[in-house]
Amino acid sequence: MGIKSALPRYELYLYTAVLGVALIWAGSWIFEASSENIDRKAFKESVQPGWHYFGRKMDAADFEWMMWFSTFRNHILFALAGHVIFAKIFSLLAPKIGINGCKHRTLIFGVYGGLAVLVTMGWTYMALVLSHCIILYSVALVKMKWLCFAAGLSALASIKLEPYNSWQEALVTGSFDLQDVLFYGGCGFSIMRCMSFALENCDRKEGNYTFCDLLRYNFYLPFFFFGPIMTFDKFHAQVNNTQLTRKEREMWNITTKALLHLGIILVVDVFFHYLYILTIPSDMKLVAKLSDWCLAGLAYSNLVYDWVKAAIMFGVINTVARLDHLDPPQPPKCITMLYVFAETHFDRGINDWLCRYVYDYIGRDHDKIFKELLATICTFAITTLWLGPCQLVYIWSFFNCFGLNFELWVAKLFSLPPLSTIEGFMGGAMSRRIRGVFNAANFWTIILYNVLSLNSLEFAKLVGRRLIFKGFPLSTLSVLLVTYCGVQLVKERERKEALLEDPEPVKAVDGGKEKAE
């Protein structure tokens, strides 16, 4: 049935009330578990002194969050601010020395980025990154996609698999707290960008892109260490646009989003003083004693937090990119809005890269079962290599690959008679309710399949056992009911967006009077 099928307003009000009460209820269980166990020995390393205004300790279990917004906040802000200031000074001086600033701005971005990487990581690291660039550029000149993939994936494997990654890491001199993060982030994203460059060069009918084009693309500092990845075709088109004009209220929107990100950072830090959602799952003895509602809340909140973290980290970087007149990849879609595997991702840049060069290239229209199976297997094989092959990643990739294909199989099944005929006799609202039941179950498979990569396999197995088996029927059905309410509210939001994009035609009623559907 169509996405525009509506439900009665009072029904949506009921769903909102049920969902709101359930979230408060689950949150209260997490708050109680956090408060009562604040002095546990298992919490000593990850629960640390927080803001003295609250008089409570703070959950500091996530290294990435603490790195970005606490420990190395000033270093990261200094580097990004330097990029903006450097670009602004060049734009002011360029006309005075007879240089077209719009035409050569990518060169300035690349020079600043290269110098920043050189100063931060040293000449051996710079030489290592350049060697990857030179190899993949040489392969790109052959214009054979399979060879570009072979060379790129081999280079990626060299920094993800032992002993090659340890050998390369040993080349980097010096030692500081961020070295591992910057080494693997910079090398990994560089290789993915070089592969994008090589594959786009294969599609170019006449001539080749230059090595300078690759260096400007790769050493754009805001994207270099932490992403997101912007595919070369988009980056090249945007940075070579000489008509640098701002849309109406664009600077206002950039400023507003920057302030919004700052506000969310503060809100998350406040929550970390009261809800230890990251530390609790690491203590399996405590987790085994918690209620089913508390476990469900922990699993859900961990995925929501991971989305918030990705949205904020990429949002900070994207703010700088927008100041440079770029349109970077958007933040990932919130986990709350996801009830199908086809839309599940936590890094839109990597997702766009995989879709463009692997998933959509092989799967085409995604309506053939065997093509879709091959496309998903290839996509998750590369994703596994990108994340770093290990048992946990293998399990995560297998279940998400299965979930994506299972959705297609079910869709194919329901498109055949007699199921399609039965649904045809239903009203749009009833069809939406029935689909919502299946979507609610699918939502929790997405939660369970992904929470194991954020916490641990043991935590995911415990949550699954408690909610599906030990908690049946009360906990199982009550959690599904609440999830069903949330799914219907998401569907209502999608319905309104669909109506804005494609309004329903106005029908003539009662002697020519027009009434909107």
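The values are calculated or read from the model by the stated rules, or taken from the named source; none is laboratory data. Quick caveat: nothing in here was measured; it's all calculated off a predicted structure. Using ideal geometry, Cβ is built from the backbone for each residue, glycine included, and neighbour counts are taken over all protein chains shown. For the accessible areas, the whole protein counts, side chains as well, though only heavy atoms, and no ligand, DNA or RNA atoms are used. Shrake-Rupley method; radii C 1.70, N 1.55, O 1.52, S 1.80 Å.
Side notes on the structure shown:
- Residues (aliphatic (A, V, I, L, M), assigned to a loop (DSSP other than H, G, I, E, B) and either open to solvent by 50 Å² or more (accessible area, probe 1.4 Å) or farther than 20 Å from PHE189 by Cβ (or both)) located in segment 158-172: LEU161, LEU171
- If you go through segment 335-355 and keep only what is assigned to a helix (DSSP H, G or I) and over 20 Å from PHE197 (Cα atoms), you end up with ILE335, THR336, MET337, PHE341, ALA342, GLU343.
- Of everything in segment 98-124 that is open to solvent by 60 Å² or more (accessible area, probe 1.4 Å), in a helix (DSSP H, G or I) and not aliphatic (A, V, I, L, M), the residue that is modelled with the highest pLDDT is TRP123.
- Remark: pairs (first residue in segment 137-160, at pLDDT 95 or above; second residue of a type in the set (Phe, Trp, Tyr) and open to solvent by 40 Å² or more (accessible area, probe 1.4 Å); Cβ separation under 6 Å; 6+ apart in sequence or on different chains) = TYR137/PHE211.
- Tabulated pairs, segment 265-292, first under 15 Å from ARG56 (Cβ atoms) and open to solvent by 60 Å² or more (accessible area, probe 1.4 Å), second among the polar types (S, T, N, Q) and assigned to a helix (DSSP H, G or I), C-beta under 7 angstrom, 6+ apart or interchain: TYR274/SER34
Yes or no, residue by residue, for (1) modelled with pLDDT under 90; (2) polar (S, T, N, Q); (3) open to solvent by 70 Å² or more (accessible area, probe 1.4 Å); (4) farther than 27 Å from SER453 by Cβ:
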{"position": "ILE382", "(1), (2), (3), (4)": "no, no, no, no"}
{"position": "TRP386", "(1), (2), (3), (4)": "no, no, no, no"}
{"position": "GLN391", "(1), (2), (3), (4)": "no, yes, yes, no"}
{"position": "TRP396", "(1), (2), (3), (4)": "no, no, no, no"}
{"position": "ALA411", "(1), (2), (3), (4)": "yes, no, no, no"}
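- Candidate set from segment 125-153 (those that are exposed (fewer than 14 other Cβ atoms within 10 Å of the Cβ) and not hydrophobic (A, V, I, L, M, F, W, C)); member that is nearest to the chain's Cα centre (by Cα): SER131
- Looking only at residues in segment 57-69 that are of a type outside the set (Phe, Trp, Tyr) and within 17 Å of ALA311 (Cα to Cα), the one that is most open to solvent (accessible area, probe 1.4 Å) is GLU64.
- If the condition is being within 17 Å of CYS294 (Cα to Cα), within 22 Å of the chain's Cα centre (by Cα) and either open to solvent by 80 Å² or more (accessible area, probe 1.4 Å) or among the β-branched types (Val, Ile, Thr) (or both), then segment 446-482 contributes ILE447, VAL451.
- Lone unmet requirement of (1) farther than 23 Å from LEU467 by Cβ; (2) open to solvent by 50 Å² or more (accessible area, probe 1.4 Å) for ILE254: (2)
- Segment 105-121: number of residues that are more than 17 Å from VAL84 (Cβ to Cβ) and free of Cβ contacts under 8 Å to residues at least 24 places away in the same chain: 2
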